[in-house]
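The values are calculated or read from the model by the stated rules, or taken from the named source; none is laboratory data. Quick caveat: nothing in here was measured; it's all calculated off a predicted structure. A quick note on method: Cβ atoms are made from the backbone with ideal geometry, for glycine too, and the neighbour counts reach across all protein chains shown. Ligands, DNA and RNA are excluded from the accessible area calculation, which covers all protein heavy atoms including side chains. Shrake-Rupley method; radii C 1.70, N 1.55, O 1.52, S 1.80 Å.
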Amino acid sequence: MLLALDTSTDWASVALFDGRDVLAEETWRAQRRHGDELFPAIERLLASTRSALSSVTRVAVATGPGSFTGLRVAIAAGQGIARGSGAALVGISTLDVLAYPHAPSKQRTCPLVPAGRDQYYAAFYQERNRKWQRRSPFIVASLAEICRQIGAHTLFVGEIDADAEGTLRDLLGPKALFASPASRMRRAGYLAELGWRELETRAQVKMGEIEPLYVRQPSIRVSFDQPFAPPPADERALGLPKRS
Amino acid sequence: MRILAIETSCDETGVAIVEDGRRIRSNVVASQLVHQDTGGIVPEVAAREHLRVLDALTEKALRDAGRDLTEIDAVAATVGPGLIGCLLVGANYGRGLALAAGLPFVGVNHLEGHVYANWLYELEGGEPPSDPPPEPLIPAVVLVVSGAHSDLVLMEAHRRFRALGRTIDDAAGEAFDKVARLLGLGFPGGPIVERIAKEGDPNAFPLPKAALADRYDFSFSGLKTAVLRLVRELEKKGTVPIADVAASFQKAITEMLAEKTARAAAEHAVETVLLGGGVAANLALREEIARRIGHPLRVPRPGLCTDNGAMIGAAAFYVLRHRGTEIPVAVRSDMKLA
Ligand SMILES: [Zn+2]
């Protein structure tokens, strides 16, 4: 059995997958409470399927890009679970998870994840020679910059609020397509499928090698009066409590 | 009872295995040298580093102790106070490890860890010593001083703390860091200032000590500003006698800390005075406090004053023994000792 954990953004999701079916799944708006809510959610999954953690032999975690702090919650938990149970651990990009269910649409697909400071993490996915794949590096940019790379009709998925949707429509006109609100959300069931497939085809990497896709460097500035540098925009966007 | 304990609240990643709250079976600490370039701790950089090394350190702590997970009785991790992004790494890793191994998870207050570092002792040649040091006697007055904290507390019984005073501005270790940076000495400031101060005259420059009259609170920002002003003046005149400035600063800050600690010990009927936290490793501070009190003084060895997993393992044992109804698990960046 595979346990999938995703705390990449304000939205969190967990799922149990047996290699064929999703047995249970929970998706919720955790905002900044991932740290407190992840384990109760895992315990509910196990209880509702009457499973013991000892039957979990594989763990998949979403590796971003996304909220730096959020990503580390699921990755650290996944590493701990894998260390404690001997399960195999795999990391899958959050943008891969968002794009995956839209592969059958055959549309060029662009998942968006808020990166703070009016920027988004994005990547482009497309079918070519019958193969659905990511066709760009992971980027972090404003919507205007992202749209500058778009010539054809593009299906947007992920966390797109009304403002972002308006901006994309202004910039791209009829070329901007939007998946329905429910189908553009992230669900750990998809992460589980991708993680299972990855572990079927690839040998387990070392646990410490599963790290968040940070894409962006932390801002570093220290002054005489402030020994602790200011938090990165990422934490501000998440509204995390300040250091005491 | 054997506890695997994790510490990731600031810039040190620590994992240890501690028996019965006292005996250290293994204690591995990775200090993050990456912050030396910036002269301060960058929370995001620290959190990244914790996640990068934590699993490997856990594996090493188990190997050093010659134990596997089936021989562990509980998993503990610091849940506050500290940098939230850093705390979340250790706490979630620890909870995952505990859940998967079928063990209880114990969330530990970092400051309790610094107090209980005084209960720890080490193996001798791989074996428990024939006569381990006795447990510190309580009630006790405890001074926890580090880069993030300056707390003076009364420990009435195990896990029963009463706040006497705390810093109203900078932490003591922060003051050391800032003065070190001002003098161009590097980071972290505590050990460097202490070393340079040995070659200086502590009476070279009289520096002001905050007058918070009869309260137990501390204030170090006035002292920091006075050092800044002094250095600027000396710069105008020519070269700055760095060792003399460092020694004068160290004298002022240790007297401030020692004076209130000694007064607290005199005013409360306690058996012992305990120190903890990175600044407690400062020899001048220990001597100054010992000189002023009529009580036995206990200080962990320097490696156990700074952040480490063993102190969390010691505190976790007493959490389990005196827990009341619930074991804490939630991460809180602003947790207090009392
Ligand atoms: Zn500390």
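Here the label points at B:D201 and B:V34, each 7 Å from Cα along the C-beta direction, are separated by 4.5 nm in the simple model. Hydrodynamic analysis of the protein assembly as shown uses the Kirkwood radius over alpha carbon pairs. Inserted into Stokes-Einstein at 10 °C and 1.306 mPa s, it gives a translational diffusion coefficient of 62 µm²/s. The value of relative contact order for region B:177-322, using C-alpha pairs under 8 Å at least six residues apart, is 22 percent. Mean sequence separation of contacting Cα pairs (under 8 Å, at least six apart), scaled by the length of chain A, corresponds to a relative contact order of 23 percent.
Averaged over the residues of peptide A:67-73, the number of Cβ atoms from other protein chains lying within 10 Å of each residue's Cβ is 5. Over all other residues within a Cβ to Cβ distance under 11 Å of B:A56, the charged ones net out to +2, with Lys and Arg as +1 and Asp and Glu as -1. Please find the FRET efficiency linking B:L137 to B:R63, where r is the Cβ-Cβ separation and R0 is fixed at 35 Å, and quote it to the nearest 0.05. Once rounded, the FRET efficiency stands at 0.45. For region B:268-313, the normalised intensity computed at q = 0.24, 0.25, 0.30 Å⁻¹ comes to -0.85, -0.89, -1.08 (log10 of I(q)/I(0), Debye sum over alpha carbons, equal scatterers, no solvent).
Accessible surface for chain A, divided over its residues, is 44 Å² per residue with a 1.4 Å probe. With every protein chain present, what is the per residue accessible area of chain B (1.4 Å probe, Å²)? Roughly 37 Å² per residue, with all protein chains present.
Per residue of B:328-337, other chain Cβ atoms within 10 Å of the residue Cβ number 3 on average.
Across the options A:S85, A:L168, A:I139, the greatest Cα extent toward the positive end of the charge dipole of chain A (unit charges at beta carbon of Lys, Arg, Asp, Glu) belongs to A:I139. Our Cα-only numbers for region B:1-148 put the radius of gyration and Dmax at 15.5, 46 Å.
Along the axis of the charge dipole computed for the protein assembly as shown (Cβ charges of +1 for Lys and Arg, -1 for Asp and Glu, origin at the Cα centre), the listed residues B:I84, A:Y120, A:T49 are led at the positive end by A:Y120. Centre-to-centre, using Cα atoms only, region B:49-64 and region B:99-136 are separated by 18 Å. The distance separating the Cα centre of region A:112-188 from that of region B:301-338 comes to 45 Å.
Burial of accessible area (probe 1.4 Å, heavy atoms of protein chains only) in region B:72-91, relative to its chain alone, reaches at least 50 Å² for B:I84, B:L88.
For the chain pair A and B, the interface hides roughly 3800 square angstrom of accessible area in total, found with a 1.4 Å probe.
When only Cα pairs below 8 angstrom with a gap of at least 6 residues are kept, chain B shows a relative contact order of 26 percent. When N counts the residues of region B:140-298, how does its alpha-carbon radius of gyration compare numerically with 2.2 N^0.38 Å, as a ratio? Cα Rg divided by the expected 2.2 N^0.38 Å: 1.03. Using only Cα atoms and rounding to the nearest 10 degrees, what angle (0 to 90) does helix B:43-65 make with the longest principal axis of chain B? Between helix and principal axis, roughly 50 degrees. Take each residue of peptide B:45-53, count the partner chain Cβ atoms within 10 Å of its Cβ, and average: the result is 4. Remark: the protein assembly as shown carries a charge dipole of roughly 1180 debye about the Cα centre, counting +1 on each Lys and Arg Cβ and -1 on each Asp and Glu Cβ. Each label was represented as a point 7 Å from its Cα along the Cα-to-Cβ direction; for B:T239 and B:L212 these points are 3.8 nm apart.
When you count the other C-beta atoms within 10 angstrom of each residue and take the mean per peptide, A:29-39, A:86-96 line up highest first as A:86-96, A:29-39.
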